[in-house]
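The values are calculated or read from the model by the stated rules, or taken from the named source; none is laboratory data. Just so it is clear, the structure is predicted and the values come from calculations on it, not from any experiment. Cβ: placed from backbone, ideal geometry, glycine included. Neighbour counts: every protein chain shown.
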Amino acid sequence: MSYDIKRSVSLYSYQDEFYNKQLDLEGCLRETAKTGATGVELLAEQMIRKFPLPIEDEAFRETWFGWLKKYGLQPSCYDAFLENRIYDNRTLTLKEQVKMMCRDIRLASMLGFPVLRTLVSTPMDVIEGSLEYAEKMGVKIGLEVHAPFSLNSSWADGYMEMITRTGTKFFGFVPDMGIFCKNIPDVTREKFLRHGAKPECLKIVDDCYAERVAKGFVKIKYDLNLGKANMEYRLANGMNEMMEAVKKAGGGPADLGYAGSSFTYSWSDPQDLIDNIDYIYHVHAKCYNTHEDYVETATAIPEVVEAFKKAGYKGFLSTEYEGGEHLRADFDVDSIEQVRRHQEALRRAIEG
Amino acid sequence: MAGRQFYNPSAFANVVCDGNVVGFSFEIKEQYYRSITLSIVRDIKVVIDGEAIAREDVRLTVNGETFTLEECRTVIDPEYRWEFGEFITVTVMKEGGLAAGKHHIDCHQSIAPSYMPFTIEADCPADFEI
């Protein structure tokens with residue numbers, strides 16, 4: 001089947017340089033272009049001051065589109081955050097939430113984005129209530145499928161049912177490649193080692209992870225109480241037994257921290273991508289540590305890209321570098337180099 | 001423990017009002033990855049030289065306006081977002097402020113993004129001199 005797999009960079013990747021003021025928004029776009037990527041993904045709330053006011057301003061939008069032209073980039077995905085608990089004493093009403101969602105769809109459209117990423121905490125009726133407006137604005141809503149969530153699960157079935165029932169072409173999924181981790185990233189393991197973890201305890205956790213991958217993860221259920229859903233998921237995937245084994249081996253806080261963090265990664269069969277291809281609008285190509293030889297420490301780039309080729313995917317794989325969170329307390333983070341390497345890894349897989 | 005830069009090392013100072021030292025102030029960055037409205041700041045706790053500061057004695061100043069933590073609960077205007085990577089000023093009302101010399105501070109921030117089933121907690125002990 002013919003495919004058209006394009007490369008994008010989520011500016012989320014450059015957050016450390018932005019935070020430390022080594023890069024501004026234009027600098028992030030310049031770095032993105034240098035990697036050979038043709039797409040750019042934006043968290044407006046991260047890099048646009050006084051959000052959302054500048055987006056309403058024509059002069060700002062002219063500058064934005066001027067940068068895109070200058071650097072040869074096209075908008076790939078706008079990452080929205082539905083702040084439905086913006087007040088601490090109540091959750092926004094359905095109408096308020098739909099209004100907020102429509103605001104974000106409008107902002108995405110004004111900056112040229114064809115896809116809006118929404119989070120798993122977005123209630124189904126808020127998505128459904130925004131579909132008509134999304135269609136009118138030509139912006140597809142993509143629900144991020146991030147560990148511990150997965151496609152082909154009872155959690156995803158609820159959304160598929162809504163897609164089937166409404167016949168919408170404006171709602172689908174944005175898989176995060178953190179759901180295709182063959183192992184726990186090396187940067188995670190090394191961080192816990194620096195902070196006092198014992199190699200024998202980490203091995204217990206690594207072995208448990210390998211067993212989960214081999215047996216297949218027990219998938220998470222749909223529940224807007226995300227804390228509850230997550231805990232049930234962890235227990236079903238052997239959390240207690242693993243914690244006990246780590247404690248028995250003399251594990252301390254760092255060892256237990258590593259054990260807990262193992263649940264922020266998961267493994268799904270790449271076949272899930274093929275099965276759901278009609279509803280995949282964008283992809284977060286999550287990465288943690290891409291080595292000099294262009295091998296990513298955990299995410300299954302070759303297998304995932306192969307699945308997308310087979311499925312005939314036409315869209316972006318957008319680098320989302322997240323390894324910095326395991327380094328920044330102890331080292332300087334070089335997101336620029338990490339994104340460059342990851343883009344090269346993607347290029348080799350796509351063109352290879 | 002905070003992973004990112006937390007304090008502005010050169011911003012610790014006493015606060016003078018009408019010739020009286022009414023407290024001290026310092027600048028911090030949020031330990032998160034996007035800007036937020038002050039309404040999702042659940043708490044800013046300050047312990048100075050072992051003394052815990054009462055919640056009502058803490059003020060946050062953003063873009064020229066100052067809010068108590070209680071007031072922050074309803075601050076959602078874009079003008080007063082706590083921007084990613086930008087310092088905001090924390091003022092502690094404390095008669096006489098801090099004596100000249102060395103001090104030890106521990107500031108704790110608690111932020112509640114709507115999509116998270118838990119709050120983001122970060123603190124950072126530090127020594128400074130006035």
- Message: For segment A:86-98, check the following and say yes or no: at least one residue is within 25 Å of A:Ser266 (Cβ to Cβ), within 12 Å of chain B (Cβ to nearest Cβ) and either crowded, with 18+ Cβ neighbours inside 10 Å or hydrophobic (A, V, I, L, M, F, W, C) (or both).
- Response: no
- Message: Exactly one of these conditions fails for A:Thr290: (1) without any contact (Cβ under 8 Å) to a residue 40 or more places away in the chain; (2) touching a Lys or Arg at 6+ places or on another chain (Cβ under 7 Å); (3) under 15 Å from A:Lys182 (Cβ atoms); (4) of a type outside the set (Phe, Trp, Tyr). Give me its number.
- Response: (1)
- Using beta carbons and a limit of 8 Å, which pairs, at least six apart or on different chains, have the first residue in segment B:116-129 and under 19 Å from A:Thr122 (Cα atoms) and of a type in the set (Ser, Thr, Tyr) and the second one at pLDDT 95 or above and assigned to a strand (DSSP E or B)? B:Thr119/B:Arg42; B:Thr119/B:Ser110; B:Thr119/B:Ile111
- Message: Being of a type in the set (A, V, I, L, M) and assigned to a helix (DSSP H, G or I) narrows it down to one residue among A:Leu202, A:Leu143, A:Leu224; which is it?
- Response: A:Leu202
- Query: Mind checking which residues of segment B:71-89 are away from every other protein chain (no Cβ under 11 Å) and over 12 Å from the mean Cα position of the chain (by Cα)?
  - Reply: B:Glu71
- Item | Residue in segment A:51-85 that is surrounded by the fewest Cβ atoms within 10 Å (Cβ to Cβ), counting only those that are within 14 Å of chain B (Cβ to nearest Cβ) and assigned to a helix (DSSP H, G or I) | A:Glu56
- Note on the structure: The lone condition A:Pro175 fails out of (1) within 22 Å of the chain's Cα centre (by Cα); (2) more than 27 Å from A:Arg117 (Cβ to Cβ) is (2)
- Query: Quick one: would you say B:Phe67 is of a type in the set (A, V, I, L, M, F, W, C) and either exposed (fewer than 15 other Cβ atoms within 10 Å of the Cβ) or within 10 Å of chain A (Cβ to nearest Cβ) (or both)?
  - Reply: no
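Here is a yes/no grid of residues against (1) within 30 Å of A:Ala80 (Cβ to Cβ); (2) part of a strand (DSSP E or B):
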| site | (1), (2) |
| --- | --- |
| B:Gly23 | no, yes |
| B:Phe26 | no, yes |
| B:Arg42 | yes, yes |
| B:Glu70 | yes, no |
| B:Val90 | yes, yes |
| B:Glu95 | no, no |
| B:Cys107 | no, yes |
- Query: Identify, please: which residue in segment A:17-50 is acidic (Asp, Glu) and outside any loop (DSSP other than H, G, I, E, B) and is, among those, nearest to the other protein chains (Cβ to nearest Cβ)?
  - Reply: A:Glu45
